Structures are given as C-alpha cells and as structure tokens.
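Undergrad: Starting off with a structure, shown below.
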C-alpha cells in the first residue's frame with residue numbers, strides 16, 4: 001500500500017494525524033479513511049467495542065473539521081443554511097444540525113456550539129473542504145470563518161469516561177449531554193463537550209496539536225481507558241442507530257427521509273426560511289417516499305453496505321450500513337425502504353452473494369442510548 005491514491009489526474013497524498021506516531025506505537029493497524037491514515041483497530045474490533053460499552057475508550061477524531069464562525073448575526077446567517085433554531089442556542093449549549101442544499105438534500109451533518117463570542121462547528125472529515133467552500137460562498141461577508149487546523153479532537157466514550165476525564169479536568173463532571181465548556185489543562189486552552197458518536201455517555205475534547213500526545217498518554221495511563229479504533233467506532237454508532245455521512249446520508253436524501261426530523265426545530269418549521277423547506281415540510285406532513293430504517297438480520301451472515309433489499313421479487317431498497325453488532329450478538333443493518341415498508345416488524349430480505357437473507361425492520365437504536373441528560377429535561 002502506498003501513501004498516495006491515484007485520482008486519474010494527480011496523486012493525492014494521504015495525510016497523517018498529529019497522533020500518527022502515537023497510534024503506531026500503541027499497535028494501531030492503520031488504514032486510509034477520509035483522506036487520512038487512521039487506526040482501524042488495536043487489540044481487535046470486538047474487544048474494543050465491548051470495552052467502550054463497559055468502561056471508557058479513547059478515539060482520535062482529529063480528521064474532523066473544527067470551524068469557528070464570528071461576526072454580527074452569525075446565528076441568523078447559519079439559519080439560512082441549516083434547519084435548526086441556532087438563534088435560541090444559549091452559550092455553552094450545542095445542537096446537532098444539517099447543512100442543506102437548495103433542494104433540501106443533506107450536504108453534511110454537523111454539531112454547532114454557542115461558545116459565547118463565536119460559534120464552533122464540527123464537520124465530517126470526508127467533506128470538510130466542501131463544507132468550508134459552501135459556508136464561505138453562502139455566508140455574508142461580515143461573518144468570519146476560521147478553520148482551526150492547529151487543534152485536534154479526541155473522544156472519550158463509555159460509562160467510566162466521566163470518572164477518567166474528571167481526574168484531569170474536574171469541572172467536566174457537572175456537564176450534561178450537549179453542553180460544552182472552555183477549560184485549561186497544563187496551561188493549554190481546551191474545549192470540552194459532553195457528546196459523542198457511540199450512544200454512550202462521553203466527551204469530545206478539542207485541544208492544541210502539541211498537547212495531544214501528553215493528554216492521550218494521561219488518559220490511557222488510567223485503568224479504565226484504552227485506545228479504540230475506527231472499526232469499533234463504526235459498530236458502536238451502528239448499534240446506536242447513528243447515521244454516517246456519505247453512507248447513510250447524502251445530498252439526495254432529505255432530513256425526513258433520513259429519519260432526522262428532530263433536527264428541524266419547531267420555530268423553523270413554522271417560519272421556514274431554510275433550504276428545501278417546501279420539500280422537507282411536505283415530507284414531514286405527508287410522509288416521505290422512503291425512510292432510513294434499522295434491520296435485524298436472521299442468522300449470522302452480516303449484510304453489508306450496498307446489499308439490495310427485496311419484498312418478494314421486487315427490489316425495494318438498499319442497505320447503507322451493516323455488520324455484526326457485538327452488544328446485540330447478531331448482525332444488524334440500516335438502509336432505505338419505501339414508507340409502506342418502514343413499519344417496525346415488516347419482513348423483507350437482503351441479497352448477499354446471490355442468496356436471500358431474511359430481515360425484519362426494527363426501531364432504532366438497537367442498543368439504548370446512555371446519555372447523561374439534565375434532570376427533568
């Protein structure tokens with residue numbers, strides 16, 4: 001395997017993360033993902049997955065884009081591009097939202113945080129340059145966009161994450177899900193949110209590249225914490241029913257089809273004014289023509305992305321993510337089916353290597369979320 005991939009016109013070098021040497025020293029098996037060399041596993045995907053469910057796992061997600069928006073009227077400007085109520089977002093709070101094209105298709109899913117004097121946005125690594133271009137083209141000139149390439153991003157996930165992280169940054173214990181704070185560690189300014197992509201309680205920590213190794217070492221010196229690779233990150237998020245952009249979401253799928261209606265805030269539904277509002281609100285009122293659903297698979301044969309879905313002899317959809325789910329003890333998948341097939345309990349089939357595998361449409365998540373929410377909220 002070389003360090004370049006041929007595009008037909010030029011060779012594009014695969015980038016390395018700031019922690020590349022750290023991952024290799026820990027035994028990480030590196031693969032190319034989103035334009036970076038990233039660890040897919042250390043000890044093994046199954047063991048790492050179960051460790052996160054039982055203890056705490058450290059993920060390096062520094063390939064994600066960390067953007068900062070500042071200037072007057074940032075929230076209102078963002079609302080012309082996303083369907084969330086950004087103006088109502090209080091300092092220290094964050095919101096999941098969607099960058100939409102003019103037809104209401106999803107360009108990316110992202111996290112937006114009100115940091116007081118600016119808004120932080122975390123976007124997917126595979127499309128961060130497209131996102132930056134779209135934002136710069138469509139935001140008004142008085143809004144400044146900075147791509148914070150000097151900071152990396154770590155995710156500490158699992159039921160013991162709060163115990164481990166609070167030894168380094170005690171104030172994180174008071175955070176609840178989707179809340180963020182600025183903090184300091186060994187003289188470095190860092191940002192921490194109680195959020196993540198596994199369905200478990202956990203945190204995402206933004207810190208200067210030069211501090212990443214020492215911080216990762218400090219966490220992994222604790223008995224609760226082990227480094228976790230991309231393989232377990234994918235199986236964890238699949239069990240949690242969380243979509244992966246570029247697989248379960250793309251620019252032809254709208255939020256209602258993607259089963260993300262919660263991202264359309266109440267005020268925005270009433271006032272509209274976001275891209276693709278007519279299509280999206282029409283699908284919200286009348287039902288979308290297709291919907292992202294979970295699938296429980298009969299037997300032990302995994303059903304992977306791209307497998308066709310059938311009702312009898314009629315192809316009705318396609319699998320967008322799939323694999324063995326360690327916490328479920330069976331294969332699971334998600335994919336798109338017509339709305340009349342999207343009711344949990346509906347029996348369909350997937351085609352795997354020329355054979356039909358029986359599936360049942362299932363409600364998601366497959367494993368209950370364990371976020372720490374504000375009491376009464």
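The values are calculated or read from the model by the stated rules, or taken from the named source; none is laboratory data. Keep in mind that what you see is a predicted model, and the values were worked out from it rather than measured. Methodologically, a virtual Cβ is constructed for each residue, glycine included, from the backbone with ideal geometry; neighbour enumeration extends over all protein chains shown.
Undergrad: Restricting to the stretch 40-77, what's the tally of residues that are part of a helix (DSSP H, G or I) and under 30 Å from residue 370 (Cβ atoms)?
TA: The initial filter retains those residues of the stretch 40-77 that are part of a helix (DSSP H, G or I), namely 45-54, 74-77.
Now narrow it down to the ones that are under 30 Å from residue 370 (Cβ atoms): 45-54.
Adding up the residues that qualify gives 10.
Undergrad: If we scan the stretch 17-26, do we find a residue that is buried (at least 21 other Cβ atoms within 10 Å of the Cβ) and either modelled with pLDDT under 95 or under 24 Å from residue 275 (Cβ atoms) (or both)?
TA: No, there is no match, as no residue in the stretch 17-26 is buried (at least 21 other Cβ atoms within 10 Å of the Cβ) and either modelled with pLDDT under 95 or under 24 Å from residue 275 (Cβ atoms) (or both).
Undergrad: May I pose another question? If you scan the stretch 336-377, which residues turn out to be within 18 Å of residue 320 (Cα to Cα), in a loop (DSSP other than H, G, I, E, B) and under 22 Å from the mean Cα position of the chain (by Cα)?
TA: Across the stretch 336-377, the qualifying residues are 363, 364, 365, 366.
Undergrad: Out of all the residues in the stretch 244-287, which are free of Cβ contacts under 8 Å to residues at least 40 places away in the same chain and not in a helix (DSSP H, G or I)?
TA: 256, 272, listed by residue number.
Undergrad: Criterion first (assigned to a strand (DSSP E or B) and within 18 Å of residue 247 (Cα to Cα)) does residue 333 satisfy it? Before the answer, list the steps.
TA: Working: assigned to a strand (DSSP E or B): yes; within 18 Å of residue 247 (Cα to Cα): yes.
Criteria met by residue 333.
Undergrad: Kindly list the number of the only condition in (1) in contact with a strand residue (DSSP E or B) (Cβ under 8 Å, 6 or more places away or on another chain); (2) in the same structural domain as residue 157 (by TED's automatic domain parsing); (3) surrounded by fewer than 23 Cβ atoms within 10 Å (Cβ to Cβ) that fails for residue 204.
TA: (3) is the only condition that residue 204 fails.
Undergrad: Something else: From the list 294, 299, which one is surrounded by 14 or more Cβ atoms within 10 Å (Cβ to Cβ) and out of contact with any helix residue (DSSP H, G or I) (no Cβ under 7 Å at 6 or more places or on another chain)?
TA: After ruling out the rest, the residue left standing is 294.
Undergrad: Quick check on my filter: what residues within the stretch 186-218 are free of Cβ contacts under 8 Å to residues at least 40 places away in the same chain and under 13 Å from residue 156 (Cβ atoms)?
TA: Of everything in the stretch 186-218, those that are free of Cβ contacts under 8 Å to residues at least 40 places away in the same chain and under 13 Å from residue 156 (Cβ atoms) turn out to be 190, 192.
One line per residue, one yes/no per condition, for (1) buried (at least 20 other Cβ atoms within 10 Å of the Cβ); (2) within 23 Å of the chain's Cα centre (by Cα); (3) at pLDDT 95 or above:
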| site | (1), (2), (3) |
| --- | --- |
| 133 | no, yes, yes |
| 136 | no, yes, yes |
| 147 | no, yes, yes |
| 152 | yes, yes, yes |
| 156 | yes, yes, yes |
| 167 | no, no, yes |
| 187 | no, no, yes |
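Undergrad: Go through the stretch 76-101 and report how many residues are surrounded by 15 or more Cβ atoms within 10 Å (Cβ to Cβ), out of contact with any strand residue (DSSP E or B) (no Cβ under 7 Å at 6 or more places or on another chain) and over 19 Å from residue 262 (Cβ atoms).
TA: Total satisfying the criteria: 1.
Undergrad: Let me ask something additional. Criterion first (surrounded by 15 or more Cβ atoms within 10 Å (Cβ to Cβ) and either under 26 Å from the mean Cα position of the chain (by Cα) or not assigned by TED's automatic domain parsing to the domain that holds residue 55 (or both)) does residue 307 satisfy it?
TA: Spelling it out, residue 307 is indeed surrounded by 15 or more Cβ atoms within 10 Å (Cβ to Cβ) and either under 26 Å from the mean Cα position of the chain (by Cα) or not assigned by TED's automatic domain parsing to the domain that holds residue 55 (or both).
Undergrad: Another question, then. Pairs, please: C-beta under 6 Å, at least 6 apart or cross-chain, first residue within 14 Å of residue 230 (Cα to Cα) and in the stretch 23-36, second part of a loop (DSSP other than H, G, I, E, B)?
TA: Note: pairs meeting the criteria are 27/42; 28/42; 32/14; 34/63; 36/17; 36/63.
Undergrad: Would you call residue 121 outside any loop (DSSP other than H, G, I, E, B), assigned by TED's automatic domain parsing to the domain that holds residue 205 and either in contact with a helix residue (DSSP H, G or I) (Cβ under 9 Å, 6 or more places away or on another chain) or in contact (Cβ under 8 Å) with a residue 40 or more places away in the chain (or both)?
TA: For residue 121, the condition - outside any loop (DSSP other than H, G, I, E, B), assigned by TED's automatic domain parsing to the domain that holds residue 205 and either in contact with a helix residue (DSSP H, G or I) (Cβ under 9 Å, 6 or more places away or on another chain) or in contact (Cβ under 8 Å) with a residue 40 or more places away in the chain (or both) - is not met.
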